[in-house]
1. Among A:Thr108, A:Thr120, which is the only one that is out of contact with any helix residue (DSSP H, G or I) (no Cβ under 7 Å at 6 or more places or on another chain) and of a type in the set (Ser, Thr, Tyr)?
2. Taking into account only those residues within region B:53-90 that are part of a helix (DSSP H, G or I) and facing chain A (nearest Cβ under 9 Å), which is surrounded by the fewest Cβ atoms within 10 Å (Cβ to Cβ)?
3. Quick test for you: out of A:Ile100, A:Ile95, A:Ile83, pick the one residue that is more than 9 Å from every other protein chain (Cβ to nearest Cβ) and either within 15 Å of A:Ile176 (Cα to Cα) or surrounded by fewer than 19 Cβ atoms within 10 Å (Cβ to Cβ) (or both).
4. May I ask you to verify whether A:Thr116 is more than 24 Å from the chain's Cα centre (by Cα) and among the polar types (S, T, N, Q)?
5. It is to be established whether one or more residues within region B:259-274 are of a type outside the set (Val, Ile, Thr), out of contact with any helix residue (DSSP H, G or I) (no Cβ under 8 Å at 6 or more places or on another chain), surrounded by fewer than 18 Cβ atoms within 10 Å (Cβ to Cβ) and farther than 30 Å from A:Phe36 by Cα.
6. Answer yes or no as to whether B:Ser109 is assigned to a helix (DSSP H, G or I), modelled with pLDDT of 90 or more, crowded, with 20+ Cβ neighbours inside 10 Å and away from every other protein chain (no Cβ under 14 Å).
7. Pairs only if they're at least six apart or on different chains, beta carbon under 7 angstrom, first in region B:200-216 and in contact (Cβ under 8 Å) with a residue 40 or more places away in the chain, second in a helix (DSSP H, G or I) and not aromatic (Phe, Trp, Tyr); list them, first residue then second.
8. Look at B:Leu205 and say whether it is of a type outside the set (Val, Ile, Thr), more than 13 Å from B:Ala79 (Cα to Cα), out of contact with any strand residue (DSSP E or B) (no Cβ under 6 Å at 6 or more places or on another chain) and loosely packed, with under 14 Cβ neighbours inside 10 Å.
Amino acid sequence: MNNRDKVTHKKQPTGSGHPSPTSGQLIQVTNLTKNFGSLTAVDGLSFTVSAGEAVAFWGANGAGKTTAVRCLLNLIPFAGKIIINGKDVSRAGKIVRREIGFVPQELTFHDALSVTETLTFYARLKKVPAGYDFMPLLDRLELAAHIHKPIHDLSGGLKQRLALALALLSDPPILILDEPTANLDIRAREEFLLYLHELKQNGKTLVFSSHRLEEITALADRVLLLEAGRLVIDAPPDQLERRLGWETTLHLYLPTPSIATAIDQLTAHGLPVSKNGRGVRVQVKPGEKGKPLRLLHEAGIRIEDFTVE
Amino acid sequence: MTIDFENILILAQKELRDALRNRWFLLYALAFAALSLALAWTALSGAGDYGLAGFGRTGASLINLVLLIVPLMGLSLGAMSLAGEREQGTLLYLLAQPINQIELLLGKSIGLALALVAALVLGFGLTGVTITLTGNGNGSGEISIYLRLLLLSCLLAVASLSIGFLISAATKRGATAIGLALFVWLVLVFLGDLGVLGTGLMLRLDVSQLLALVLANPLQLFKVAAIYNIRDNLEVLGPAGLYALRTYGSHLFPLLVGLLLLWIVVPFLGTTYLFRRKGAL
């Protein structure tokens with residue numbers, strides 16, 4: 001079972017392309033460019049994010065995802081303009097960061113501190129009122145049993161949950177997460193994504209980077225596909241395959257006497273099909289995976305099992 | 001840019017606590033305290049008299065100890081501060097919080113400066129208390145000389161810290177920063193006197209140029225100020241010392257203190273400039 005199966009909530013997509021900056025947008029990025037010497041890490045990136053939306057930077061390593069995230073937080077100097085909640089990030093970075101919880105890719109805390117000391121230190125910087133009760137948050141993230149441990153004794157999964165707890169300390173409206181599940185095993189990844197999904201349902205705006213398609217499809221309302229720092233596609237996840245022109249191969253397992261009929265039926269509807277062991281193999285275009293299943297069902301052919309390649 | 005002093009305080013507290021947990025720093029601090037006590041004990045041995053020396057003689061002996069150890073403490077602590085955190089990635093995470101760069105730099109530098117001052121107060125304090133308890137203190141005049149020496153040592157420590165900070169801001173890796181800091185320490189400590197002497201001879205510098213060369217080194221600044229503090233004359237420094245005293249007269253001590261303060265401020269401004277250009281990376 002993949003994450004798509006577990007986390008299935010999909011918000012209506014807000015549209016594709018580059019929406020013009022309007023007052024309804026929480027984040028407006030215009031012509032963001034970042035050069036490291038002769039290397040252009042982010043090249044003229046423009047996009048907007050509405051309140052409550054989950055937007056993913058997707059792309060291979062080196063596509064510019066992490067650099068874009070760092071620019072959103074004003075951690076590195078950049079060219080272009082980033083407006084978050086009406087404030088210019090390059091002029092009012094500190095004020096903007098009050099409204100953002102950040103989960104970094106590399107989980108780097110001060111190893112000598114304990115979990116409690118770390119929470120207290122960052123809570124003070126985030127102006128969380130003294131006496132704030134961390135326990136409900138720590139209970140929800142299953143961290144309560146580890147509060148006295150030094151950071152260096154925490155596993156990768158616990159550190160990731162601590163990073164999320166720190167990001168949520170001041171209950172910011174925006175969460176920015178850089179490859180948040182990169183260091184997690186499958187089980188921890190699914191739990192983490194479920195929690196992110198819960199946060200999204202509670203109205204948080206999420207901007208995250210990932211190179212895992214299943215994460216993107218499980219969580220994002222819109223995907224910004226980056227290649228060599230450039231925005232290639234801005235689309236809802238369910239349109240990605242269509243926009244990218246990906247074809248899918250379906251393996252359909254059928255009763256042996258039905259195989260020949262199935263091949264005839266699918267061929268008659270223009271689908272490339274061939275016999276494959278206990279069934280047939282069919283090539284389908286983006287967004288048409290249901291078509292061969294429907295055709296065989298209408299022809300009264302029972303499908304015993306199927307796999308997607 | 002608005003500065004939130006509470007943020008500076010929070011960062012300074014954390015930095016101070018980290019420094020006091022740092023084994024190397026504690027080792028330096030304890031070594032300094034032990035050596036200053038040992039110096040107080042042996043300061044009279046040159047006169048054939050064994051026992052604890054008074055504030056004046058102990059202070060004179062402490063000058064060389066301060067010149068050797070204090071810059072090493074300041075430089076290494078400053079060098080590791082930003083570069084170490086940058087290498088670990090904690091600097092990036094820290095700057096992703098609602099703080100600005102100047103608050104981070106001020107918080108770190110104040111915290112580390114307080115740690116250095118605490119180490120010096122411990123060393124000078126232990127020695128001072130021991131001298132007083134054994135009845136070797138020679139009046140309030142010597143105590144004030146001793147306290148001024150502590151103040152000058154603190155200024156040298158913070159100036160070294162500021163130079164270490166600049167090195168740290170310019171480098172990405174902790175090991176590089178520490179290597180550079182040790183190199184600077186070697187240059188300032190061991191090439192200070194010899195370098196001035198050699199340059200003076202080779203370039204046939206006149207006495208005013210020789211003095212300028214001396215005053216360009218924060219360690220030499222400390223040394224001149226510390227000797228002047230104890231002896232009220234600079235004959236021991238030769239023509240450059242005599243020239244300095246004749247030229248600046250009663251303004252010499254404030255001038256030396258002012259120049260030490262410049263060695264704190266100017267590298268810190270350089271650090272701020274570099275840090276702004278490089279960001280958290």
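1. Matching residue, one of A:Thr108, A:Thr120: A:Thr120.
2. Taking the candidates together, the pick is B:Gln88.
3. It is A:Ile83.
4. It is true that A:Thr116 is more than 24 Å from the chain's Cα centre (by Cα) and among the polar types (S, T, N, Q).
5. yes
6. Here the answer is yes, as B:Ser109 does meet what is asked.
7. B:Leu215/B:Leu221; B:Leu215/B:Leu259
8. Here the answer is no, as B:Leu205 does not meet what is asked.
The values are calculated or read from the model by the stated rules, or taken from the named source; none is laboratory data. This one's a predicted model, so the numbers in the text were calculated from it and none came from an experiment. Methodologically, a virtual Cβ is constructed for each residue, glycine included, from the backbone with ideal geometry; neighbour enumeration extends over all protein chains shown.
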